[in-house]
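Worksheet for the structure shown next.
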Amino acid sequence: MAAHALFSDFSNVQNEAEIFSKIQFELIQRYSVEPGLASEMAWDLIEVLSAIDGNFEIFEKYFLQ
């Protein structure tokens, strides 16, 4: 049971890191945001989605295409 919880936590962190890089890339490419600011904006968005129990998979599917 504990191993599953640890794997789940690792999977969530890995998923957040992947989504972070995709959000940052989109901000830089689509909207010409500077990389430093894009990084801050991406982490802020991830924090908001986490706080409201947002579904990262749906966000990725519909908004990061």
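What follows draws every value from the coordinates through simple rules; no lab data is involved. If you're wondering where the values come from, they're calculated on a predicted model, not measured in any experiment. Positions of Cβ are generated from backbone atoms using ideal geometry, with glycine treated the same way; all protein chains shown enter the neighbour counts.
Things worth noting here:
- FRET efficiency, 1/(1 + (r/R0)^6) with R0 22 Å, evaluated for ASN55 and GLU34 via beta carbons: 0.15
- Taking the average, over residues, of other Cβ atoms within 10 Å as the packing measure, peptides 32-44, 15-27 rank 15-27, 32-44 from highest down.
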